Amino acid sequence: MDVLRITIGKARDDGWPVSVELQLSENLVKTSLQEVLILPAGYENHLRELQIAYNPQEYGEYLGKSLFTDSLQDIFDSGRKGLHRVILSVEDDALRQLSWHWLCYPWDSGAWNFIAHDQHLPFSLGLVGPAEGSTKDLLAARPA
């Protein structure tokens, strides 16, 4: 199954580490990328205001513009036609509280739309349990 896994780790001094893996099964291609998510000071208040005003489009664009760097957009676009699933896991407690189900992406037209609304591309929020280690470690440890 062709899967794009995006994992946002626990906060560091320079932001939140983002690990991206694109696995295309038919070609046995696996692409990895390490990025850093940087949110400006006051992002919590801005997103809270958007949530109170019930503006999911602007909220999702704000998250998407912060998360989808040029490198991540390139990986997403290269695999999007064959993707069967996008899984986003958020390990940081503060970021996990955000409404990631409103995450938007700039589609071919340049318009930002909700990833979850693409009926051909299931979008899942990965669960992060209380176990030690990252989501990636948990996925690697599961039996084949």
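Computed from the coordinates by the stated procedures, all read-outs in this text should not be read as laboratory data. In this text the structure is predicted, and so the values were computed from the model without any measurement. Reconstructed Cβ throughout: ideal geometry from the backbone, glycine too, with neighbour counts over all protein chains shown.
Which FRET efficiency value, to the nearest 0.05, do you get for SER66 and HIS120 by plugging their Cβ-Cβ distance into 1/(1 + (r/R0)^6) with R0 = 25 Å? Before the final figure, lay out each step's value.
Numbers: r = 25 Å, r/R0 = 1.00.
Once the sixth-power term is evaluated, E becomes 0.50.
Give the cross-link partners of LYS10 among the aspartates and glutamates, using a straight C-alpha distance below 20 Å as the criterion and excluding same-chain residues fewer than 8 apart. Reachable aspartates and glutamates: GLU21, GLU35, GLU44, GLU91, ASP92, ASP93, GLU132, ASP137. Among the helices of the chain, none built from whole DSSP H runs has Cα atoms reaching 20 Å or more along its own axis together with a mean Kyte-Doolittle hydropathy of at least 1.6. Rounded, prolate or oblate: which one fits the range 43-108, using the alpha carbon gyration tensor with axes a ≥ b ≥ c (rounded when a/c is under 1.5, else prolate when a/b beats b/c, else oblate)? Prolate. Contact order, relative form, for the chain: 25 percent (alpha carbon pairs under 8 Å, 6 or more residues apart, mean separation divided by residue count).
In this structure the amide hydrogen of LEU37, modeled in the peptide plane, comes within under 5 Å of the amide hydrogens of TRP16, VAL18, none closer than 5 places in sequence on its chain.
Let a ≥ b ≥ c be the square roots of the eigenvalues of the Cα gyration tensor of the chain; is it rounded (a/c under 1.5), or, if not, prolate (a/b larger than b/c) or oblate? Oblate shape, in that a/c is at least 1.5 and b/c is the bigger or equal ratio. Residues in the range 95-105 carry Karplus couplings, in order, of 6, 5, 6, 6, 8, 5, 5, 9, 4, 10, 9 Hz; the curve used is 6.51 cos²θ - 1.76 cosθ + 1.60 with θ = phi - 60°, and Gly or Pro positions show x. Between ARG85 and LEU4, the built amide H atoms are under 5 Å apart, and every one of these is 5 or more places off in sequence or on another chain.
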